[in-house]
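We did not get these values from a lab; they are worked out from the coordinates using the rules stated. Keep in mind it's a predicted model, so treat the numbers as computed, not measured. In this analysis, Cβ positions are derived from the backbone assuming ideal geometry, glycine residues included, and neighbour counts consider all displayed protein chains.
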Amino acid sequence: MGRSARPWWLALAGSLLLHGALLGGLTWSLPQWQAQPESLPIEARLMPAPPVEAPRPSLKPPVPPSRPKPVPLPEPVEKVAEVVMPEAAADVAMAVPPDEPAVEMPGPEPEPASPPAAEVEPAVPPLNPLPPRLDLRFQVRYGPARGEQTLVWINEGDRYTITSVAGATGLAGVFYRGRFVQTSRGRIAPSGLVPEEFWDQRGDKRSSARFDAAKGSLTLHPAKGAPRHFSYTGDVQDALSLFFQMALTAPPSGEQLAYAVFNGKKLRHYTYDVRGEEILETALGPLRTLHLARQTGDDGRFEIWLAIDRHYLPVRVLRVEESGAEGEMAIRAIDFPE
């Protein structure tokens, strides 16, 4: 009896347990064993995991163009609940400030580009020095007529005045009465003479001209008639200043010289050939001269000799008209008044 009752009780207990599981369900699970570290206690922190259905949004914030690019954050850990950190390590992690965008250090500023080199104009040769006053006396002939002419140069600072007085002598004085007077006034620039006013008086006839270098214009007021206007570019000389412009700038650097010249009536453009040095016999004795000759044109022939050892002053001037009439100026004296 005792042996047969034990299996019955065991069967009854198993039946009760089976019915209870079917009616109420099991609320327990098998225990899971995990090895624990022996040195430090473990703290587990549960964090909600991102939803699986929606695509994971990018944690990289948009970078505005003017701000430095931030350092991207690390990808989130899917199973945060399974991450364990020792207590000591957790304290260190809490002391670290949250990540901040990385600031890019500015690089060296580019050196400013050097301005383009300005074009250097060729240096103007210095002018030959002239005394404050010069008196040049010439013997003049024009065809059969004879006369005298005086050129007076006066320099006051950066201003100049040139006066020419000519008159007939001998028998020619009986037929040619009166004097022929011309005056040129202006300033002295680094490049030479800049005429501003010119007067011409032949007996009782007078004319004048004014130069405007800034506008490149010349206005002639003749003895009769309305004013006449001329335009020019660059430097211009008149019939008197041309002689001293050559003296101030000699010797020329090239084989030709070009001038715009106002002869008292018209504005003409002339080119002179440099023919080199010549020994010229004069009333002052033999002189070393620089010979210049104007290229032939409708104004006839014109040549000039400059005394090299006398400040390159004119000592002979020869002019031949188209009609064949010939005029000459030959030096007689050069004075240097105090």
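Here the Karplus relation 6.51 cos²θ - 1.76 cosθ + 1.60, evaluated at θ = phi - 60°, turns the backbone of the range 182-191 into coupling constants of 10, 9, 10, 10, x, 10, 10, 9, x, 8 Hz, with x for every Gly and Pro. Rg and Dmax of the range 133-335, both derived from C-alpha coordinates alone, stand at 16.6, 48 Å. Relative contact order for the range 250-338: 18 percent, from Cα pairs under 8 Å spaced at least 6 residues apart, divided by residue count. Listed values for the range 317-334 are Karplus-derived 3J(HN,Hα) couplings in whole Hz (6.51 cos²θ - 1.76 cosθ + 1.60, θ = phi - 60°), namely 9, 10, 9, 10, 6, 5, 6, x, 5, 10, x, 9, 10, 10, 5, 10, 7, 10, and x replaces Gly and Pro. Each of VAL124, VAL194 was scored by other Cβ atoms within 10 Å of its Cβ. Listed from fewest to most, they are VAL124, VAL194. Look at the alpha carbon pairs under 8 Å that are at least 6 residues apart: their mean separation over the length of the range 133-335 gives a relative contact order of 16 percent. Report the paramagnetic label zone for ASP135: residues of the range 143-166 whose backbone N is under 16 Å from a point 7 Å from Cα along the Cα-to-Cβ axis. Residues 148-155, 162-166 qualify, since their backbone N sits under 16 Å from the label point. Here the Karplus relation 6.51 cos²θ - 1.76 cosθ + 1.60, evaluated at θ = phi - 60°, turns the backbone of the range 282-295 into coupling constants of 9, 5, 8, x, x, 10, 6, 10, 9, 9, 10, 9, 6, 5 Hz, with x for every Gly and Pro.
For a Förster distance of 22 Å, can you work out the FRET efficiency between the beta-carbons of ALA258 and ASP299, rounded to the nearest 0.05? Efficiency for this residue pair is about 0.90.
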